[in-house]
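Encoded as structure tokens, the structure appears first; notes follow it.
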Amino acid sequence: MREQISKDIEENKVIVYMKGHKEIPMCGYSARVVEILKSYGVEFATRNVLDSDQLRSEIKQFSDWPTLPQLYVNKEFIGGCDIITQLHESGKLKALLEQ
């Protein structure tokens, strides 16, 4: 599973590990992150942690972050919903996405 996560992050400039998919978020935090990313018009991938208990557990260990969703941009872990919202509101998320 760790190899798959590494491959996902390597192959996708922007990827969110979340509950549900970008078309159908399954929690409010995931929906908020999807809404923010869509507001920038950027392409992004999602992985549904509800599909696999192993993925849900492993991504938390991989990032050393206990909550979901989790955003990666340019192979770097950015954070969860609260951090993403703060970066968005401060204008810093736009700069990260444009790199």
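Can you give the charge dipole size of the chain about its Cα centre, rounded to the nearest 20 debye, using +1 on the beta carbon of Lys and Arg and -1 on the beta carbon of Asp and Glu? Mind dumping the intermediate values first?
Values: 13 positive and 15 negative charges, 29 e Å.
Charge dipole of the chain: 140 debye, to the nearest 20.
List the residues whose amide H sits under 5 Å from the amide H of Arg47, counting only those 5 or more places along or on another chain, with H placed 1.01 Å from N in the peptide plane.
Val16, Tyr17, Met18
Could you check which residue among Gly80, Gly28, Gly41 shows the biggest mean-square fluctuation in a GNM of the chain with a 10 Å Cα cutoff?
Of Gly80, Gly28, Gly41, the most mobile in the Gaussian network model is Gly41.
Within region 10-99, list the GluC sites (Glu not before Pro) lying in a DSSP loop whose Cβ has at most 10 other Cβ atoms in a 10 Å radius. If you can, show how the numbers build up before the last one.
Numbers: sites: Glu10, Glu11, Glu23, Glu35, Glu43, Glu58, Glu76, Glu89, Glu98; in loops: Glu23, Glu43.
Sites meeting the loop and neighbour criteria: Glu23, Glu43.
Cut-off 10 angstrom, C-alpha nodes, Gaussian network model of the chain. Which of Ile24, Ile59, Ile36 fluctuates the most?
Largest GNM mean-square fluctuation: Ile24.
Whats the longest run of the chain with zero trypsin sites (Lys or Arg not before Pro) that are DSSP loop and have at most 16 other Cβ atoms within 10 Å? Intermediate results must be reported in sequence, preceding the final value.
Values: sites that count: Lys13, Lys75.
By the stated rule (loop sites, at most 16 other Cβ atoms within 10 Å), 14-74.
What part of the accessible area of the chain, given as a whole %, is carbon or sulfur when the probe is 1.4 angstrom? Intermediate values should be presented prior to the final figure.
Values: 2640 of 5630 Å².
Looking at the chain in its full context, I get 47 percent from C and S.
Going by amide H atoms built from the backbone, whose H comes under 5 Å of the H on Gly79, apart from near neighbours?
Under 5 Å from the amide H of Gly79 lie the amide H atoms of Leu71, each far enough along the sequence or on another chain.
So with the 1.4 Å probe, I'd like the accessible area per residue for the chain, rounded to whole Å².
57
Mind jotting down the distance between the C-alpha centroids of region 8-53 and region 66-99, whole Å?
12
The values are calculated or read from the model by the stated rules, or taken from the named source; none is laboratory data. Model, not experiment: these values are computed from the prediction. Don't worry about glycine lacking a Cβ; one is built from the backbone with ideal geometry, like all the others, and counts go over all protein chains shown. Just the protein is used for accessible areas: all its heavy atoms, side chains included, with ligands, DNA and RNA removed. Shrake-Rupley method; radii C 1.70, N 1.55, O 1.52, S 1.80 Å.
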